[in-house]
Amino acid sequence: MTSARTGSQTAPKPNPYYPIGQLQCETDTGIETVPLREEVAFGSWQSAIPERYWDMDTGELSRRIRSARETLGEDVVILGHHYQREDIIQFADDRGDSFALAQFAAERPESKYIVFCGVHFMAEAADILSADHQAVILPNIEAGCSMADMAAAPDVYTAWRELEDLFGSTEDIIPVTYMNSAASLKAFCGEHGGVVCTSSNATKVLEWAFERGKRVFFFPDQHLGRNTGHKMDIPLDEMVLWDWRQPAGNLGGRTPEELERSRIILWQGHCSVHQRFSVTQIEAARERYPDVKVVVHPECRFDVVQAADANGSTSYIAKYVADAPAGAVIAVGTEINLVSRLAKEHPDKTIFGLDPVVCPCSTMYRVHPAYLAWVMESLLDGQVVNRIDVPAEQKVHAKVALERMLALR
Ligand code: 13P
Ligand code: SF4
């Protein structure tokens, strides 16, 4: 949940669930950016930003960003994830899903600076894949991901040791981490014969993994793991959930027999934005529009993905909407900034969010234009602020895991 204000011209309608107007979100209207000082969530964001940026309105911030970009020219490339707000995405030289952004970062050696408008794990991947002479900058250093935070490296290492004790070896277990994870876990996968996946290539990556081992240890998103395993005809009872909140030595709450039978061991992580979508919402959409098509992100729960007409990464969703015929009605189960952008870009189609009160990804939303203006103007002054610098020893192994993924075209 964020403190976003809706972008409608009229005052927001009172919402029975969220009495504070500023917390209300409406998919069709987009979200209006307010000056940093007025943004009630600013208190929990990166506060070390010069005070002169706190009161600037969107118009002034946009002018400053544009002007800094003109002066910096080819020295800087701005990458933007589909979930970024309009006031940010308008400046993106390249926009995409997490896979495409990783590719862009690996293919832009001419730019000295990569300003990554997305979240921390994406900027880390860009730093790992870009050349040594490039600096990756995350405008708001607090822009993390709650799902990535559900897999702390020590918990994963402990689980791995428990699996090793149980099976006598981990030779037959391939660790696969979703892109939405810390660099240390990507390094862990690189070091242990594993790989990274994104929502756009998870099936291909799991096929690769099953060519090399009997079992996959998949973290942190249980839903992407389960949805992908199901697509590959792996029975649900051969995908077992590892509860990382269990005390060490408890095999993540599973019995040895369950683990022996398993083909995929799923980390009990999830995305708080996508876990909100429900089959009830899909049923309501179908009742309202009998011809509706429903497209969702594979971070949604299994039953939601099963009830939808299609599922895929953020870029897949954008293409699904673009490819639909004029007049199509499409309900979308993903983050609201992307849904409202798609609705605006395709006025000949009816595009709406499945959840009428879903708010933006609160961490993606932390990239307010004041931060972008600040990091860009700092570059003009010769200062690199908010640099993402993955430790060299992690980089080596994480790069192996990422490059294994990039090689699977
Ligand atoms: P994509 O890889 O589909 O862009 O998804 C990233 C993400 O964080 C979705 O919540
Ligand atoms: Fe993380 Fe979910 Fe936000 Fe994606 S939408 S960045 S998984 S919290």
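The values are calculated or read from the model by the stated rules, or taken from the named source; none is laboratory data. Nothing here was measured: the structure is a model prediction, and the numbers come from that model. Quick reminder, even Gly has a Cβ in these numbers, built from the backbone with ideal geometry, and neighbours come from all protein chains shown.
Please indicate, with yes or no, whether at least one residue in region 91-107 is surrounded by fewer than 20 Cβ atoms within 10 Å (Cβ to Cβ), free of Cβ contacts under 8 Å to residues at least 24 places away in the same chain and within 17 Å of the chain's Cα centre (by Cα).
Yes, region 91-107 contains at least one residue that is surrounded by fewer than 20 Cβ atoms within 10 Å (Cβ to Cβ), free of Cβ contacts under 8 Å to residues at least 24 places away in the same chain and within 17 Å of the chain's Cα centre (by Cα).
When only residues in region 143-182 that are farther than 25 Å from S313 by Cβ and part of a loop (DSSP other than H, G, I, E, B) count, which is nearest to the chain's Cα centre (by Cα)? Break it down stepwise before answering.
Step one: filter region 143-182 for residues farther than 25 Å from S313 by Cβ, giving 152-155, 157-173.
Filter once more, so that each one left must be part of a loop (DSSP other than H, G, I, E, B): 152, 168-172.
Values: A152: 17, G168: 35, S169: 33, T170: 29, E171: 30, D172: 29 Å.
Filtering first and then ranking leaves A152.
Which numbered condition in (1) touching a Lys or Arg at 6+ places or on another chain (Cβ under 9 Å); (2) without any contact (Cβ under 8 Å) to a residue 12 or more places away in the chain is the only one that D172 fails?
Only one criterion is unmet by D172, namely (2).
Which numbered condition in (1) among the β-branched types (V, I, T); (2) modelled with pLDDT of 95 or more; (3) away from ligand 1 (no atom under 14 Å from the Cβ) is the only one that V357 fails?
(2)
Just to be sure before I move on: is A126 buried (at least 20 other Cβ atoms within 10 Å of the Cβ) and part of a loop (DSSP other than H, G, I, E, B) in the structure I sent?
On the way: buried (at least 20 other Cβ atoms within 10 Å of the Cβ): yes; part of a loop (DSSP other than H, G, I, E, B): no.
Against the criterion (buried (at least 20 other Cβ atoms within 10 Å of the Cβ) and part of a loop (DSSP other than H, G, I, E, B)), A126 does not qualify.
Of all helices (runs of 4 or more DSSP H) completely enclosed by region 291-355, which ones contain at least 1 residues that are among the basic types (K, R)? Don't jump to the end; show me each part of the working.
Details: elements: 302-307, 314-323, 336-345.
Of the helices (runs of 4 or more DSSP H) lying wholly inside region 291-355, those with at least 1 residues that are among the basic types (K, R) span 314-323, 336-345.
Tell me whether region 368-377 contains one or more residues that are in a loop (DSSP other than H, G, I, E, B) and out of contact with any helix residue (DSSP H, G or I) (no Cβ under 9 Å at 6 or more places or on another chain).
Quick first cut of region 368-377, residues in a loop (DSSP other than H, G, I, E, B) only: 368.
The next check asks that each one be out of contact with any helix residue (DSSP H, G or I) (no Cβ under 9 Å at 6 or more places or on another chain); those that pass are none.
No.
For A392, indicate whether it is more than 23 Å from T58 (Cα to Cα), surrounded by fewer than 21 Cβ atoms within 10 Å (Cβ to Cβ), modelled with pLDDT of 95 or more and more than 16 Å from ligand 1 (Cβ to nearest atom). Can you show your working first?
Details: more than 23 Å from T58 (Cα to Cα): yes; surrounded by fewer than 21 Cβ atoms within 10 Å (Cβ to Cβ): yes; modelled with pLDDT of 95 or more: yes; more than 16 Å from ligand 1 (Cβ to nearest atom): yes.
Yes.
Suppose we filter region 257-288 for residues that are away from ligand 1 (no atom under 16 Å from the Cβ) and over 20 Å from D155 (Cβ atoms); how many remain? Before the answer, list the steps.
First, the residues of region 257-288 that are away from ligand 1 (no atom under 16 Å from the Cβ): 257-266, 268, 278-288.
Filter again for over 20 Å from D155 (Cβ atoms), leaving 257, 260-261, 263, 278-288.
So the answer is 15.
Of everything in region 90-111, what is of a type outside the set (D, E, K, R), under 16 Å from V367 (Cβ atoms) and within 16 Å of ligand 1 (Cβ to nearest atom)? Give them in sequence order.
Hits for region 90-111 are A92, G96, S98, L101.
Does region 221-250 hold any residues that are within 16 Å of ligand 2 (Cβ to nearest atom) and touching a residue at least 60 places away in the same chain (Cβ under 8 Å), and which are they?
Just the residues of region 221-250 that are within 16 Å of ligand 2 (Cβ to nearest atom), to begin with: 221-228.
Answer for region 221-250, where residues must be within 16 Å of ligand 2 (Cβ to nearest atom) and touching a residue at least 60 places away in the same chain (Cβ under 8 Å): D221, H223, L224, R226, N227, T228.
Looking at region 251-284 only, could you name the residues that are more than 15 Å from ligand 2 (Cβ to nearest atom), of a type in the set (G, A, S) and under 25 Å from the mean Cα position of the chain (by Cα)? First the steps, then the outcome.
First pass over region 251-284, keeping only residues more than 15 Å from ligand 2 (Cβ to nearest atom): 251-266, 278-284.
When the remaining residues are screened for being of a type in the set (G, A, S), the result is 252-253, 262, 278, 284.
Answer for region 251-284, where residues must be more than 15 Å from ligand 2 (Cβ to nearest atom), of a type in the set (G, A, S) and under 25 Å from the mean Cα position of the chain (by Cα): just S278.
So for region 270-293 (the condition being within 30 Å of G80 (Cβ to Cβ), among the β-branched types (V, I, T) and free of Cβ contacts under 8 Å to residues at least 60 places away in the same chain), does at least one residue qualify? Show your work before the answer.
Applying the first criterion (within 30 Å of G80 (Cβ to Cβ)) to region 270-293 yields 270-278, 281-282, 285, 292-293.
When the remaining residues are screened for being among the β-branched types (V, I, T), the result is 273, 282, 292.
From what is left, the residues that are free of Cβ contacts under 8 Å to residues at least 60 places away in the same chain are 292.
Yes: region 270-293 contains one or more residues that are within 30 Å of G80 (Cβ to Cβ), among the β-branched types (V, I, T) and free of Cβ contacts under 8 Å to residues at least 60 places away in the same chain.
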